[in-house]
Each structure stands twice: as structure tokens, then as C-alpha cells.
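Only one structure is covered here, and it is reproduced in the block below.
Derivation of every value follows stated rules applied to the coordinates shown; laboratory data play no part. Bear in mind the structure is a predicted one, so any value in this text is a computation, not a measurement. Heads up, the Cβs are rebuilt from the backbone with ideal geometry, glycines too, and the neighbour counts pull from every protein chain shown.
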Amino acid sequence: MLDLARLPDDARAVLDRHGFAELPFAELAARLARDGFDPERNRLRQPLEPPPPRAIETLPDESSDEHRRLVEAGGEAIAAGRVGVLVLNGGMATRFGGVVKGTVVAARGRSFLDWKIHQARRVSGGAAPVWLMNSFATAAATARHLESLGLAGAVRTFEQFAAPRLTERGDLLLVEGRPSLYAPGHGDLPDAFRRSGELARFRAAGGRLLVVSNVDNLGAGLDPAIIGWHLAHGRPMTVELVDKLPGDAGGMPALVAGRLTIVEAFRIPRSFDPDRIPVFNTNTFVFDAGLFERSWPFDWFAVRKNVGDRPAIQFERLVGQLADWVETAWLRVPRAGPRSRFLPVKVPEDLALRGPEIEAVLDRFA
């Protein structure tokens, strides 16, 4: 049985500050101890089908009257302060040398965070509030970085949850006698944003929509046309998709029991060929903020990681699973060229590899 009494006081303090008591961790750990770790349990049992082609749309041509109307509607919502920008900045960046990725120089001497914040302020004229969802692992370095940029007062921050990693037998993982803590994924967002009080403040000020994106995707900025498109479709969630390329790993839209939702690659049944689905989830969303006023029954997925040379199990939840329950609009956005909205940087080498693409995109709002 998991013995959390073995946690040292400082680790317990981190967990207490980050809502650990609100997580179903004891139940998850008991299940792991009883059944062991088997990634096959994450796979869906229901049959999958590719999304109907007409379910996925694109923005109208930029020269069209329809596009101009979308830009106007989105611009009005942004100028009125009804749209906020929320950057997912809690990742542990294990493939980035363990540094806080948002503070790393991305291009032209400016960090990922600097560019993300600059873009939101430039497009909105300062009308769009900006939040960073940090984790216990990124909060301190991020605060120092914002202070160095003179942005400490211009950006709001809050922190997601924290939990301890386990062994494959369900015991507390100790590395050199210390527990290994982690942030349980961006599915923390609705509860963490509400728990922090930031959601209530945003709503009280007239806030209605949140644009959510990863800190390492410099293409996913605030776009009035996409806000207008979201408003025109009248659904509480919009998912941005791009054409899928070989090697892409992550979520994709699929019909599950007749409902179109996001299915992560590790959940796809082995009997289904994922190449049948031509598009890929960018993890950029527009949400009606009201969605975050309640808790949702996210699945907790057991995943194996390595901590040094030690295998570790952690439980994660994913915000895209909201599409299981809420009406969702699906928008195919550009992946290449200066209008690209998907330029993820997962390892340091990506900065050099994607350098020209990043530069072209940054020219839009430099």
C-alpha cells in the first residue's frame, strides 16, 4: 500500500500547495498496485472511424468579405476584453535538458514567453489579459524571467497540480532517497484556473473566451479571424488541426461510438490504422470560459517515464478530452509558410531546424 507518510516535509508542502488532496491519487495508486502497469489498458475498446470530411473546416480566403467579417467580430470581442490568452507553461521539458522552456531564447534574442506575450499584447492592443499556467517546477524561474523582462505586472500566473511518481508496483518512487514530483498534464487546466480564483476574476470583468496554446508553439498566437470563426459557430470549444506528417505523435480527431472527439495515439486500438486520419491536434484551442466553472470527469492515464535510469509511472489527464462531452468545432489551420499556426519546438535541435519557419511567422507580429 502506498505510504505517503514517507514524504519529507518539503515535498508534502509542495503537494499541499498544489491541490494534491483534490486528486484521486490513492485510488489510482491502489489500482496500479493491484493490476500492475499495462499501457494496453489505455487503448479504447470502442471501434474508431476517421472524421467525416465536412466536420473539419478551414477559414475563408483572407481576401473574402466573409473573412473580413470574422476579423471584425473577433477584433471587437478582443478589444472589449472578452478574450483572454492562456499559455501552458508547466511542462517539465525533460527533452529540453530539464530547463524551463519558456525562458529559453527562441529567436532574435527573445524567449518563447517573451514572444507569446508580445504577440498577444500586439494583436489586442493590451486589451487581452494573459495568463501562464505554471507548475511547481516552472513557477520560480518563470517569475524571475518575467521580472527581467519588465513583464511581472503585465501577466497573471497560476499553478497546476502536483503529484509524486510511483514505481511500476505502485510504491512511492524514491531517487537518492527523495520523492520525484511531477505536474499531471494540461488536463489540470479547468480545475487549476478555477481553483486559483483567476477564472472568477476574468468572468467578473466580462471575460468570455480563452485561447489556449503550448508555450513552445510560436505560431499559435491570438488571431481575430479565429475568434470570429469560433463565435460564428456557436460551440463552446474549437480545436485547431493541421495536416498530419510522418512521425507526428499525439492526438487526432476520430469518431468514437458516433461522436467526434480527440483520441491520443496511445489510446488508438491496434486494429485501427491511424494513417486513415489525415489531420493532427495542435493542442491549440478556443474555449468558452464557462466550461471551466465545473469539474469534468477526465480519464487519468498511467504512463511510463524515465527518471534518470529509473522507470517511473505517473498519471496524466489531457484537456483535449473535453471534446468527449462538449460540442466542438474543428478548424484546419496552416502548417507551413508565414501563416503557420503549428511550429512546436520539442528538442533544442528543433530551433535550428525550424529557424526559417519561425522567423517567417514572427515577421507577422515583430
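How would you classify the stretch 170-286 from its alpha-carbon gyration tensor, with a ≥ b ≥ c the square roots of the eigenvalues: rounded for a/c under 1.5, else prolate if a/b is greater than b/c, otherwise oblate?
Numbers: a/c = 1.95, a/b = 1.06, b/c = 1.84.
Judged from the Cα gyration tensor, the stretch 170-286 comes out oblate (a/c at least 1.5, b/c at or above a/b).
Please list the non-local residues whose amide H lies under 5 Å from the amide H of residue 157, H modeled 1.01 Å from N, same-chain partners needing a gap of 5 or more.
Correct list: 132.
Net charge around residue 9, counting only other residues with Cβ within less than 13 Å of its Cβ (Lys, Arg = +1; Asp, Glu = -1)?
Numbers: positive: 6, 12, 17, 178; negative: 10, 16.
Local charge sum for residue 9: +2.
Taking the chain as the reference, fit the longest principal axis to its C-alpha atoms, fit the long axis of helix 112-124 to the helix C-alpha atoms, and give the angle between the two in degrees, 0 to 90, nearest 10.
Between helix and principal axis, roughly 40 degrees.
For residue 106, which sequence-distant residues (separation of 5 or more, or a different chain) have an amide H within less than 5 Å of its own amide H, given hydrogens modelled in the peptide plane?
Amide H neighbours of residue 106, under 5 Å, 5+ apart: 111, 112.
Taking 1 over the mean of 1/r across every pair of different Cα atoms in the stretch 260-334, what Kirkwood radius in Å do you get?
Numbers: mean 1/r = 0.0667 Å⁻¹.
After inverting the mean inverse Cα-Cα distance, the result is 15.0 Å.
With a Cα-only, solvent-free Debye model of the stretch 81-159, what are the log10 I(q)/I(0) values at q = 0.19 Å⁻¹?
At q = 0.19 Å⁻¹ the computed log10 ratios are -0.77.
Return the loop-located GluC sites (Glu not before Pro) in the stretch 157-219 (DSSP other than H, G, I, E, B) with at most 10 other Cβ atoms within 10 Å of their own Cβ; answer none if there are none. Provide the component values of the computation, followed by the final result.
On the way: sites: 159, 168, 176, 198; in loops: 168, 176.
Filter output for the stretch 157-219: 176.
Distances longer than 38 Å among the Cα atoms of the chain: what percent of all pairs is that? Don't skip to the end; give the middle numbers.
Details: 10181 of 66795 pairs.
Summing the P(r) of the chain above 38 Å gives 15 percent of all pairs.
Straight-line reach from residue 244: which lysines have a Cα under 18 Å away, not including same-chain ones fewer than 8 places off?
346
Which residue, 211, 345, 99, has the most motion in a Gaussian network model of the chain that connects Cα atoms within less than 10 Å?
99
Considering Cα pairs under 8 angstrom that are at least six residues apart, work out the relative contact order of the chain and quote it in whole percent. Write down the numbers at each step before the final one.
Values: 685 pairs, mean separation 88.3, N = 366.
Relative contact order for the chain comes out at 24 percent.
One quarter of the convex hull surface, Cα atoms only: what value does that give for the stretch 87-231 in nm²? Write down the numbers at each step before the final one.
Values: hull surface 42.4 nm².
For the stretch 87-231, the mean projected area of the Cα convex hull comes to 10.6 nm².
What does the charge add up to near residue 233, with Lys and Arg as +1, Asp and Glu as -1, over the other residues with Cβ less than 12 Å from its Cβ? Mind showing how you got there, number by number?
Working: positive: 235; negative: 57, 288, 327.
Residues close to residue 233 contribute a combined charge of -2.
Starting from the exponent 0.38 and prefactor 2.2 Å, build the expected Rg for the stretch 1-81 from its residue count and divide its actual Cα Rg by it. Display every interim value, and only then the final one.
Values: Rg = 24.6 Å, N = 81, 2.2 N^0.38 = 11.7 Å.
Relative to the rule-of-thumb radius for its length, the stretch 1-81 sits at 2.11.
Angle check, please: helix 25-35 long axis (alpha carbons) against the longest principal axis of the chain (alpha carbons), in degrees 0 to 90, nearest 10.
Around 60 degrees separate the two axes.
In whole Hz, what ³J(HN,Hα) sequence does the stretch 237-245 give by Karplus (6.51, -1.76, 1.60; θ = phi - 60°), x for Gly and Pro?
9, 10, 10, 8, 10, 10, 4, 7, 10
Can you work out the Karplus-derived ³J(HN,Hα) for every residue in the stretch 8-21? Use 6.51 cos²θ - 1.76 cosθ + 1.60 with θ = phi - 60°, whole Hz, and x for glycine or proline.
Couplings: x, 4, 5, 5, 4, 5, 4, 5, 4, 5, 10, x, 4, 5 Hz.
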